[in-house]
């Protein structure tokens, strides 16, 4: 197998998607709300479908705005059902995202005949097709520097997430660990909550076309969860999450190219292998990390038996 320019574009988009998702994923993990990313990634479907009906195009500002609003509304509806309906947060998320996801699927079926839309791409993305829509950044005497449009979109969202976290790092940290203390210190933990939900919604929408609503969940949850097994220091956890996200994307794309070639198995998708390799990295850390299962087992075996008096 030879490496092509398309492979470079696919890998660039995959790395940026994974890193953009890992940033808000860290704070979702700390707030024990990781599955909110799942809820938002599914609930943006009605916003996408309505934008399709209005704009009759997949590449539009209306699509982005509609999906982002749907994601933010998911967080609002979940909060309202939890607060006023006295329903457990997990049950509220299940109610909201399954209902909105079902509505979105119905609308997508209605729009599929009028808009260039594949339902499977909604679920799994079309990462391999992102280099087909490229933007020329530089051209001189036959030399062309072009990057996938998706890389510019997701890269912009990654920088946006990085900027927001740097600006409000103290507020996010305090609101995640002790909302009551944050309130007494003059911070507004609910504002931080909705700001985080907005980041998740925007990131999900930006990564939606490339990796779909299923793989984006793995990118939100798995790298931060892996880093959490290695450290409890928040800045280091964020840095490790970014590194693990990029590593999972790189290994995933390489595996999608070489494993079918070497084994004769059918070709697979890069986004699926990126999620798979991220899960494999989590498994390795869970087993062999500093606090890994095998290490804890060996420490227990080496401990002397307690004396009975």
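For the chain, compute Rg over Rh where Rg is the Cα radius of gyration and Rh is the Kirkwood radius from the inverse mean 1/r over Cα pairs.
A ratio of 1.02.
Based on other C-beta atoms within 10 Å, arrange 158, 84, 169 from fewest to most.
84, 169, 158
Okay, helix-only estimate at 222 nm for the chain: each DSSP H run of n ≥ 4 adds -39500 (n - 2.57), divide by all residues, round to 500 deg cm²/dmol; what do you get?
Here the helix-only value at 222 nm equals -25500 deg cm²/dmol.
Out of 144, 95, 250, any idea which swings most in a Gaussian network model of the chain, alpha carbons joined below 10 Å?
Maximum among the listed residues: 144.
Using a simple spin-label model with points 7 Å from Cα along the Cα→Cβ vector, what separation in nm is obtained for residue 177 and residue 129?
4.6
Given an 8 Å cut-off on Cα distances and at least 6 residues of separation, report the relative contact order of the chain as a percent.
Working: 468 pairs, mean separation 82.5, N = 309.
With pairs under 8 Å counted, the relative contact order is 27 percent.
Using 0.36 nm times the number of residues separating residue 283 and residue 98, minus their current alpha carbon distance, what extension gain do you get?
63.7 nm
Testing the spin-label approximation: label points 7 Å from Cα along Cα→Cβ at residue 83 and residue 234. State their distance in nm.
Between residue 83 and residue 234, the label points sit 2.3 nm apart.
Work out the FRET efficiency for residue 138 and residue 167 from their Cβ-Cβ distance, taking R0 = 25 Å, and round it to the nearest 0.05.
Once rounded, the FRET efficiency stands at 0.20.
Using Cβ contacts closer than 10 Å as the measure, can you line up 44, 153, 222, 147 from fewest to most?
Ranking 44, 153, 222, 147 by Cβ neighbours within 10 Å, fewest first, gives 147, 153, 222, 44.
Rank the residues 4, 78 as a footprinting-exposure proxy: fewest other Cβ atoms within 10 Å of their Cβ go first.
If I rank by nearby Cβ atoms, fewest first, I get 4, 78.
Taken together, the values in this text are just the output of simple stated rules run on the coordinates, not laboratory data. Note that the coordinates shown come from a computational prediction; the quantities given were computed from them, not determined experimentally. Every residue, glycine as well, gets a Cβ built from its backbone with ideal geometry; the counts of neighbours run over all protein chains shown.
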